[in-house]
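Peer 1: Quick one: the structure is below, and I'll ask about it shortly.
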Amino acid sequence: MKEPRRNPISNLQLFRNLPLEITIDILSRLPIRRIAICKCVCNSWRELLRSREFLDFHLSKSVPGLLIGHDWDPENYRIFEFVDELGLETHDLHYNTVTKFNSMGFADSSELKGSASGLLFFIRKVSNYDSLYICNPITREYIELPYDGIFYSDSRMVTSVFGVSKITRQHKVIRVFHEIDNRRECDTAAHLLSNVTKSICLVYVLGTGLWRSIAPPAPFIYGSRSIGASVNGNIHWMVENADGSHCVSCFNIETETFSTFAPPIFPVSKKFLVGLVVLGDCLCACDNTFDEIVIWSMKVYGDDKSWRKEFVVKKDGGYVCDCDDCRQVVSPIKVFKDGDILMAWDEIDMIYYSNKTKSITSFDMVRLDDDDGEGLSAMLHTSSFLSLGSFRKESVSSF
Amino acid sequence: MAAETGTPTTLTLKSNDDELFSVAESAAILSVTIRNMVEDGCAGGVIPLDNVDGKTLASVITYMNGISAIPADEEKKKSYRDKFLSDKDFETLADMVLAANYLNMSCLMDAVSAKIAQVMEKKSVGWVRRKFGIENDYTPEEEAAVKEEHKWTFEGVETDDDN
């Protein structure tokens, strides 16, 4: 059908009539680099694109990308966008680089410990205390949080997570610390937990400039590397109790209260290689203890009777480990539309399950050298222009 | 409504340039604006749509008929929407997004917004200004400063201002 050309002026009038929310809706669909370019259009677009209204809308609309990096290669943290369409042969050939950044720009030898609504959380371990950093790799800003006063002797007894509250959208860092009397025997979970002399929980709300003490949870032991699984405004850890049993510790970021609920019922084993992750909007527990990787999902959030086996992935060849002291936890990162699953094999490798061939292979998206060992961080991350400068009482630097 | 009687009810819609269109009520009520009028009993005669011109309304009606003929299969609906929008130029898309907003048709609105964003993806700042009717109110110094602020995002970006 041939359409007559109209006078462009009338059209411009039309577009000027566009309600603000439609403009926001359209611009929020652009890739992150394009948003930066749109800031150059005019002053009002620039103001719009850095308004909290736009940033929140954009964050809510964005499909998270993959953030990947290695502790030993701080100059090469990379963020990718996935192409998730049906009919792709394999996903590791379909991605775009968003940006690359250097964490040395703000802290030497730090570890990536979380991502929440456009911002990243890094920890630098300095003998027995931690320096904590928040950065935005898109705006290239960072802040170092004030010292929280925690000095620890056993890293199993301290954990830190970063998340965003559901209603007030506040970014918070939560530190839980169980102080132990380490003059006594601390070999088992029971020993450790019976030697707890004090429990502390501190919360830092970004923009307040201070740590606040809140009621701590009952003592338990954290998975040493868990960064927490954030969904539904809650952060979850798989923790160990004094009797060696495990439960899910849940922290409500909004109300700052702890609760616990039961994990799936796992087969009995000396090993316990289970980590919590979030897939889609569902809390999942991934069990790597046996010959299959089993991913359980909590079908009804908060109902611990609703755990169901969602995926069972057969391991073969080099992925089966029989040693008793194996610590390798698998963290699924993304389930693609075609049922393929991207996973992090502990902190060592990225693996990829093909739903078509029902097999797992090493993921070639980011070439990892086998000799490089542990220290891999891989997680979903949503890129945003949320400026750290918009948080009051924070002294922001650039990197 | 239509389903109750067995004979499809037809509505008459009138564009702001006085063109009249007949459309099955079952398709037209994809528009919440029209559905509310039908439910309020204001649809007996002609429904005037003061913010939509005839050409755009014809296009919207084509969409209404096409999408409502597809059974509840989100993949098929999506591919219909993609095909429907694939040959539309930017000006038409701009008219459509305003019409979809006025008619309160969220699925069309969503698809057109996504399409506009897709078209914008490879365009220069100048193109965006022209098409959106925006005057550059930056001084050269200010514009340079904004670019400098997000320097890395401009590296390796290609633009294609055709169409």
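Peer 1: What residue, of B:148, B:141, is outside the structural domain of residue B:58 (by TED's automatic domain parsing) and either at pLDDT 90 or above or within 22 Å of residue B:57 (Cβ to Cβ) (or both)?
Peer 2: After ruling out the rest, the residue left standing is B:141.
Peer 1: Another question, then. Looking only at segment B:6-38, filter to residues that are of a type in the set (Asp, Glu) and surrounded by 12 or more Cβ atoms within 10 Å (Cβ to Cβ); which one of those is modelled with the highest pLDDT?
Peer 2: It comes out as B:19.
Peer 1: Identify, please: which residue in segment A:342-366 is among the aromatic types (Phe, Trp, Tyr), assigned to a strand (DSSP E or B) and over 14 Å from residue A:329 (Cβ atoms) and is, among those, modelled with the lowest pLDDT?
Peer 2: If we take residues in segment A:342-366 being among the aromatic types (Phe, Trp, Tyr), assigned to a strand (DSSP E or B) and over 14 Å from residue A:329 (Cβ atoms), then A:352 is modelled with the lowest pLDDT.
Peer 1: For segment A:103-123, name all the residues that are part of a strand (DSSP E or B) and out of contact with any Leu (no Cβ under 8 Å at 6 or more places or on another chain).
Peer 2: A:111, A:113, A:116
Peer 1: Looking at A:261, A:290, which one is under 28 Å from residue A:361 (Cβ atoms) and surrounded by fewer than 18 Cβ atoms within 10 Å (Cβ to Cβ)?
Peer 2: Result of the check over A:261, A:290: A:290.
Peer 1: Shifting gears a bit: Among the residues of segment B:17-32, are any within 14 Å of another protein chain (Cβ to nearest Cβ) and touching a Phe, Trp or Tyr at 6+ places or on another chain (Cβ under 9 Å)? I'd like the intermediate steps shown before the answer.
Peer 2: First, pick out the residues of segment B:17-32 that are within 14 Å of another protein chain (Cβ to nearest Cβ): B:17.
Among the residues that remain, those that are also touching a Phe, Trp or Tyr at 6+ places or on another chain (Cβ under 9 Å) are: none.
Scanning segment B:17-32, I find no residue that is within 14 Å of another protein chain (Cβ to nearest Cβ) and touching a Phe, Trp or Tyr at 6+ places or on another chain (Cβ under 9 Å), so the answer is no.
Peer 1: Just to be sure, is residue B:137 under 28 Å from the mean Cα position of the chain (by Cα) and facing another protein chain (nearest Cβ under 7 Å)?
Peer 2: no
Peer 1: Looking at the structure I just gave you, is residue A:134 assigned by TED's automatic domain parsing to the domain that holds residue A:281, in contact (Cβ under 8 Å) with a residue 60 or more places away in the chain, among the aliphatic types (A, V, I, L, M) and not in a helix (DSSP H, G or I)?
Peer 2: Here the answer is yes, as residue A:134 does meet what is asked.
The values are calculated or read from the model by the stated rules, or taken from the named source; none is laboratory data. Here the structure is a predicted model, which means the values were calculated and not measured. Don't worry about glycine lacking a Cβ; one is built from the backbone with ideal geometry, like all the others, and counts go over all protein chains shown.
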